[in-house]
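Read through the structure below, which is laid out as structure tokens, and then see the notes.
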Amino acid sequence: MSILYEQITQACTTIKMHARVTPRIGLILGSGLAALADELTQAAVIPYASIPGFHEPKVPGHRGELALGLMAGQPVAVLRGRFHFYEGYSMAEVTFPVRVLKALGCQTLIVTNAAGGLHADWQVGDIMRITDHIFLPGLMGMHPLIGPNDDRLGPRFPAMLNAYQNDLVPCAHAAAASTGVRLRSGVYAMLAGPSFETAAEMRMLRAMGADAVGMSTAPEVVVARHAGMRVLGFSLITNLALPDGSPANHAEVLEAGEKAKPRFAAMLRQVLAQVVN
Ligand code: HPA
């Protein structure tokens, strides 16, 4: 048995001792968004510190707990807080929770993050459905699938074309319409961070075709697709990343998350209500 496979099995065993549902949908809630799934029924909340292979979160605004239960009638496993590459975790550590979600029974992954909008006519508080990503650290060799491949977890060379194209896309837009959210669509570029972008980097990202920029999500989605999961992603635009704009800061990221919570949560509940497992 590979070490990774063994670690996944151990984490699952611990989680299953507490869980009262078998989750079919995994949710990752990013910066300031952990409270989106506070109202679970039949809930079991497990601190990351007590799950083998998980770590205590270090970033303010990120909680560190896995919550399992029912949301909008669906059995879900919610990662409240994630591990970031910029915190010093390896790409394997960053993506380990996604492996665990899959092993618990999740066939679908819904990812959320905070991101800087690269368009001058976008607004703080906008929500963007991620149509595709540019995984800059991955392209440079910081990729979660480098190393031996365990064929039980996925293929050696997984396709990433259409990673975000599936039957959940119309559900997302219908959910947005029914909850009064103007849902934007666009390409998410992931940078390692933790520094925010220079003006030249922002121009480069725009020229590459990115619409929003952040420091997470792409590694998790790559691993989810490797594992054969269906993926839906949303970015909350917490600030505008514009060459002639004002500098970004973490406080505004958290504040935007706080303000958008009711709208974002209502939309997510509607999405979940429509998911066919
Ligand atoms: N850049 C990178 N990551 C971010 C930003 C940003 O402007 N906003 C929130 N996360």
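The values are calculated or read from the model by the stated rules, or taken from the named source; none is laboratory data. It should be emphasised that the depicted structure is a prediction, and the values quoted were computed from it without experimental measurement. Virtual Cβ from ideal backbone geometry, glycine too; neighbours counted across all protein chains shown. Please note that ligands, DNA and RNA were not included when accessible areas were found on the heavy atoms of the full protein model with its side chains. Shrake-Rupley method; radii C 1.70, N 1.55, O 1.52, S 1.80 Å.
Observations on the model:
- Only one of the listed residues (R225, R263) is within 20 Å of T131 (Cα to Cα), open to solvent by 10 Å² or more (accessible area, probe 1.4 Å) and either free of Cβ contacts under 8 Å to residues at least 24 places away in the same chain or away from the ligand (no atom under 12 Å from the Cβ) (or both). That residue is R225.
- Selection over segment 143-191 of residues that are open to solvent by less than 50 Å² (accessible area, probe 1.4 Å) and part of a strand (DSSP E or B) gives a count of 7.
- Answer from M140, M91 - the residue that is more than 16 Å from the ligand (Cβ to nearest atom) and either open to solvent by 50 Å² or more (accessible area, probe 1.4 Å) or hydroxyl-bearing (S, T, Y) (or both): M140
- Checked against (1) part of a loop (DSSP other than H, G, I, E, B); (2) open to solvent by 10 Å² or more (accessible area, probe 1.4 Å); (3) within 16 Å of the ligand (Cβ to nearest atom), H55 meets all criteria but (3).
- For segment 204-222, a residue qualifies if it is in a helix (DSSP H, G or I) and away from the ligand (no atom under 14 Å from the Cβ), and the qualifying residues are A207, M208, P219, E220, V221, V222.
- Residue count for segment 245-260 under the criterion of being among the aliphatic types (A, V, I, L, M), open to solvent by 40 Å² or more (accessible area, probe 1.4 Å) and assigned to a loop (DSSP other than H, G, I, E, B): the result is 0.
- Complete set of residues in segment 228-260 that are within 27 Å of I25 (Cα to Cα) and either more than 12 Å from the ligand (Cβ to nearest atom) or in contact with a Cys (Cβ under 8 Å, 6 or more places away or on another chain) (or both): G228, M229, R230, V231, L232, G233, F234, E258, K259, A260
- Condition met for R203 (within 16 Å of L161 (Cα to Cα) and open to solvent by 60 Å² or more (accessible area, probe 1.4 Å)): no
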